[in-house]
There are 2 protein chains.
Amino acid sequence: MAPATVTIASGAKWQDVAADRQRHRDATIAEVRPPVPELGPGDTPLNTTEIPKKLLTEEELRITGTDVEDLAKKIAAGEWSSTAVANAFLRRAGLAQKLSNCITELLPKRALDRAAELDRYLATNGKPVGPLHGIPISVKEHVGIKGEDLNAGFVAWVGRVSEEDALIVQYLSDAGAVIYARTTQPQTLMQIESVTNLYGTTVNPYNTTLTPGGSSGGEGALIALRGSVLGIGTDIGGSIRVPAANSGVFGFKPTSNRLPTSGWSAAMAGTESILAAIGPLSTSLEGARLFTKTILDQQPWLRQPSLVAMDWRDETQYFPDRKIRVGVMYDDGVVRPHPPVLRAVSKLVEKLKGSPNVEVVEWKPYKHDLAWAIIAKLYFVDGGADDKAQVEASGEPWLPLAKFILHENPFVESLTIPKLWSAALARDDYRTRYAELWNETAGTSPGGRPLDVILCPAAPGVAPKHETSRYWGYTSQWNLLDYPSIVFPAHDAVGAPEREAAYAYPDGYQPLSDPDKYVYDQWREHGAEGYRDAPISLQLVARRYDDEKLFRAMQILLEEAGLPAAVPA
Amino acid sequence: MAPATVTIASGAKWQDVAADRQRHRDATIAEVRPPVPELGPGDTPLNTTEIPKKLLTEEELRITGTDVEDLAKKIAAGEWSSTAVANAFLRRAGLAQKLSNCITELLPKRALDRAAELDRYLATNGKPVGPLHGIPISVKEHVGIKGEDLNAGFVAWVGRVSEEDALIVQYLSDAGAVIYARTTQPQTLMQIESVTNLYGTTVNPYNTTLTPGGSSGGEGALIALRGSVLGIGTDIGGSIRVPAANSGVFGFKPTSNRLPTSGWSAAMAGTESILAAIGPLSTSLEGARLFTKTILDQQPWLRQPSLVAMDWRDETQYFPDRKIRVGVMYDDGVVRPHPPVLRAVSKLVEKLKGSPNVEVVEWKPYKHDLAWAIIAKLYFVDGGADDKAQVEASGEPWLPLAKFILHENPFVESLTIPKLWSAALARDDYRTRYAELWNETAGTSPGGRPLDVILCPAAPGVAPKHETSRYWGYTSQWNLLDYPSIVFPAHDAVGAPEREAAYAYPDGYQPLSDPDKYVYDQWREHGAEGYRDAPISLQLVARRYDDEKLFRAMQILLEEAGLPAAVPA
């Protein structure tokens, strides 16, 4: 594409820049053939997830209803061409945009050119180019795509263009992936919803009064609608996992410095206090695993030296006897989760307790309020000056949750170097203490075996009402500790009337904290009806660098609980 | 030991604090039985390395003449008791203090109590407690020892006491090591010599007019005199490798965040811009390898979460056909090494070229002057304020090389957070560029094989005259890149008259840079005679995290060159 010409640098107003970006987005969608179906009257119910089934062809539904692992097999076997697959996903992604406002642009030319190339390769060589041959992958906008705009959600940055694909995109493409869609994110990237002045608000396909989460919220919504089965997100406080949770899909935040981040764009470049991670969202656990393994198998540390030179370690080596010790944390001691979430944890724990292989013990959260105080300070060690400058450079208005995290956050402070060091030491002390507590769990096991994983909520509730996602603690906790975590669908949703009794807070409940009161008030105000159809998701967490072990534990626990490892199409 | 009571905090003058520390040191040496031999007239020649042979018993010489790997075998086999071994090393270390001023204190009670316990264990169980059963290990002072002073070379810090052993000491002790001696370091730890106002100057056992290097210079001198065969050093710019090189022993700086640093003490705690590493100095390559493996086998990342959870990877998996591709860098393009060093590189390269297994190619240094500018800034991002405050808190005088690196260093600047981020990005860009260049070496190989290791000088000369160690570039380069490196003896020394012709600079030599002129002038002033008997050492470097591969490459290259992998006793 040609670089954007309507930019702040060229003298345009922020409103004009935004309008131009939206025109550009729509133009890319209009390139898709056959044209993306228009929505008719009645095509925008509260829950839009069934709409594609009405508007796409049978074959498109079969293709987009297939998860990564099976898609790869069918393409490699010649059952579907890469071109047919790319086109089906372009069409469904275009439709997803109309339903949830999740797209910044489609890349039909790039995708179809690449797909044709892959089809020729397969025809000529009789084998796929790599493990992701023909797999369409959607990409959060701030992860650079060669020749495309790279605004990271800032109006002021429109006009910046990537000279090459982000490193992760290069590795995925080399393995056969087809890059075809770019997705929305929030102003500053530091919101766990997805709204910018450029593209407006991305909504949750299961209930449009709710947020799909953020900052990788475009991915969440797009994958919920199966406009993608595999996408790239990024996460410094929950930005992969919150959208995955709100949208009922799988999301994996790896340990930092395992997957390559080079070529992404964000404010505060060069900060080392808390490292963001890049990782997959997918309709299947296996999609997320294959994504991760495919990149690590290419030794990305040889090109991005900040990465740890750690191969993907065969996950089947873990739990050879399938025995797993799970710590369960219902509540982080700061904010009590909404009743549907607590109920989902209980139900899963009950199922796991029925397995002879799973030992479930209680995990007591250690000062998660302190953890938030530490990480909230470390996010913005310049007092938020860089983020603020990027917003203000265009005159675009501050959006409520960006204001909340940057302007109304009591922990934001412009630090001197000595204060930065103290804050880093506080982080390290906290990490050490948490490690000690984890080590001590060996003492409560007859075999001296410490916990393998922690099972906990992914958020204090299901997808929140727009502009109410203020509590990051259930995900940011694991960023502070740099523990890998997977968010997974508990295969349950809010709203069946018979559950109302199970959805009550305890009688005379007194909130634990200000954030708890805020979350509690949301439930009091909206109740189950307000969150109707919202998927319920949970989170599984492992120790730092135990990424492969986490995948294996997730797989076994789902099997033991009798839950599928993929979202039903 | 009781904590120091003569301290700045108690109102003492710095001179009194220093005198008290020296009394304490001497008192610990005086506890050794039989008493450490006194030096007689004629026992302080320029080269003191033969003196112990005159003053210790035959058995003590046999014990202290044995390298780690054989010592472990003999103790495990009951040939020598841990007690006999500990006592021999206590005696030889006490003597080393008299010859080189390398000790801050001996720990005879701790060592002999532990040795007795180990002897009982072996007698009772018929097997050693761990792979280091009975191995005496010396420890640089700023690595904490329970109940002992922890001053890190600052007079103002005398009186600080460790509540427990540093984590690395715990792991080594659990594996059977006997901690018996603590060693000197320089003021601020940021000198590559070893002189403080507390203990004075540590001198090189091979030539007392020269420095053993620093900051782990006490270890270098002690091991050169075989008052230790294995010691703990630390390295942020060469502090393990410079002393190893100057003292003619093996020194290994691992990739950062592999070995545990928790429980050490230094100024600027909490900085993340350049990470220091902790590692071994030893009389043998195998001693250094066993040290590293023994710690990693205990999974130190479970207790220090900043460490990478990377097991020791069996080094014999590398180079199954013994074929190694070596890049050789004679000169870093900034400072030309003194003639004996260049000659040693040439000689080794000639030997390696004689091997069918070794391919030697040229490695062109990439802007090592820029590398120094980057790292010298990142060392002191607070403008050196913390180091300066610790020196000034006691009124102790500034020592020349501390002043050089902190006060006269043009790159030292007090950074704001945005400037800190820029400096970190400059570092990352440099690392990326170096990685690209390394990757590109695959293009010059018929098999597309990139370099395995780089062979280069360890320093611009052999051990320098006291107070002249101003050029860190040959070692700090690999700290900036965080590449593991081993310094090894080239089994050669300065001074045989027949070499004088080989020791000339090219006719009409014009220095490349100010640091080069300084180094060149040292040679012009002192010549070969001035550096008589100084050991010549070289350095082998691998890519980040290739620590195990580096050990294997080192072993094979020494074998191919026909050089021993240990210092002759």
>> Can you say what percent of the DSSP beta bridges in chain B, counting only those with both residues inside, are antiparallel? Round to 5.
In response: 65
> Given the C-alpha centroids of the range A:290-366 and the range B:231-309, what is the distance between them in whole angstrom?
Replying inline: 32
>> Classify chain A from the C-alpha gyration tensor, please: rounded if a/c falls under 1.5, else prolate or oblate depending on whether a/b exceeds b/c.
In response: rounded
> Between B:S414 and A:E467, how many nm apart are label points set 7 Å from Cα along the C-beta direction?
Replying inline: 4.4
>> So if I place +1 on the C-beta of Lys and Arg and -1 on the C-beta of Asp and Glu, and nothing else carries charge, what would the dipole magnitude of chain B be about its Cα centre? I want it in debye, nearest 20.
In response: 400
> Inter-copy label distances at A:A373, 7 Å along the Cα→beta-carbon direction, one decimal in nm, shortest first?
Replying inline: 4.3
> Which of the chymotrypsin sites (Phe, Trp or Tyr not before Pro) across the range B:499-539 are loop residues per DSSP, with 13 or fewer other Cβ within 10 Å?
Replying inline: B:Y509
> Does a label point 7 Å from the Cα of A:Q15, set along Cα-to-beta-carbon, have any residues of the range A:393-434 with amide nitrogen under 13 Å, and which are they?
Replying inline: A:396-397
> For A:S215, what is the net charge nearby, where nearby means another residue's Cβ is under 15 Å from its Cβ and Lys, Arg count +1, Asp, Glu -1?
Replying inline: -1
> Based on DSSP H runs of at least 4 residues, each adding -39500 (n - 2.57), what is the mean residue ellipticity at 222 nm of the protein assembly as shown after dividing by all its residues, to the nearest 500 deg cm²/dmol?
Replying inline: -12000 deg cm²/dmol
> Say a paramagnetic label sat at a point 7 Å from the Cα of A:K146, along Cα to Cβ; which residues of the range A:178-221 have their backbone N under 18 Å from it?
Replying inline: A:178-182
> Taking a point 7 angstrom from the Cα of B:F404 along the C-beta vector, which residues in the range B:191-229 have backbone N less than 13 Å away?
Replying inline: B:191-195, B:211-215
>> Placing +1 on the Cβ of each Lys and Arg and -1 on the Cβ of each Asp and Glu in chain B, which of B:A385, B:P484, B:Y330 has its Cα farthest towards the positive end of the resulting dipole?
In response: B:P484
> Which of the trypsin sites (Lys or Arg not before Pro) found in the range A:30-101 are in a DSSP loop and have at most 11 neighbouring Cβ atoms, other than their own, within 10 Å?
Replying inline: none
> With Cβ to Cβ distances under 10 Å as the rule, what net charge do the other residues near A:H368 carry (K, R +1; D, E -1)?
Replying inline: -2
> Which of B:L118, B:N101, B:Y366 sits farthest toward the positive end of the charge dipole of chain B, with +1 on the Cβ of Lys and Arg and -1 on the Cβ of Asp and Glu?
Replying inline: B:L118
>> Rounded to whole Å, give me the distance from the Cα center of the range B:439-494 to that of the range B:507-569.
In response: 8
>> If I model the range A:17-101 as equal point scatterers sitting on the Cα atoms and use the Debye formula, what is log10 I(q)/I(0) at q = 0.13, 0.14, 0.15 Å⁻¹?
In response: -0.48, -0.55, -0.62
> Using alpha carbons only, what's the Rg to Rh ratio of the range A:161-296 with Rh from Kirkwood?
Replying inline: 0.94
>> Once you place label points 7 Å from the Cα toward the Cβ at B:L275 and B:A502, how far apart are they in nm?
In response: 4.1
> At A:S10, with labels set 7 Å past Cα in the Cβ direction, how many nm apart are the copies from this one, shortest first?
Replying inline: 7.6
> If you take the charge dipole of the range B:14-302 about its Cα centre, with +1 on Lys and Arg Cβ and -1 on Asp and Glu Cβ, which of B:F154, B:A266, B:A181 is farthest toward its positive end?
Replying inline: B:A181
> When the Cα centres of the range B:121-148 and the range A:1-76 are compared, how far apart do they sit, in Å?
Replying inline: 66
>> Here is the link list: A:K54/A:K98; B:K73/B:K293; B:K347/B:K367; A:K253/A:K367; B:K377/B:K549. Which ones come out longer than 19 Å on Cα distance?
In response: B:K347/B:K367; A:K253/A:K367; B:K377/B:K549
> Where the convex hull is taken over the Cα atoms of the protein assembly as shown, what is its projected area averaged over directions, in nm²?
Replying inline: 47.0
>> If you take every residue apart from B:A542 with its C-beta less than 14 Å away from the C-beta of B:A542, what net charge results, scoring Lys and Arg +1 and Asp and Glu -1?
In response: +4
> Nearest 0.05, what FRET efficiency do B:A373 and A:R23 give at R0 = 45 Å with Cβ-Cβ as r?
Replying inline: 0.45
> Label-to-label distances across copies for A:K74, with labels 7 Å out along Cα→Cβ, in nm, shortest first?
Replying inline: 7.2
>> What FRET efficiency comes out for B:E31 versus A:A442 if R0 is 51 angstrom and r is the Cβ-Cβ distance? Round to the nearest 0.05.
In response: 0.80
> Can you give the charge dipole size of the range B:359-438 about its Cα centre, rounded to the nearest 20 debye, using +1 on the beta carbon of Lys and Arg and -1 on the beta carbon of Asp and Glu?
Replying inline: 200
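Each value in this text was obtained by applying a stated rule to the coordinates, not by laboratory testing. In this text the structure is predicted, and so the values were computed from the model without any measurement. Note that we place each Cβ from the backbone using ideal geometry, even for glycine, and neighbour counts take in every protein chain shown.
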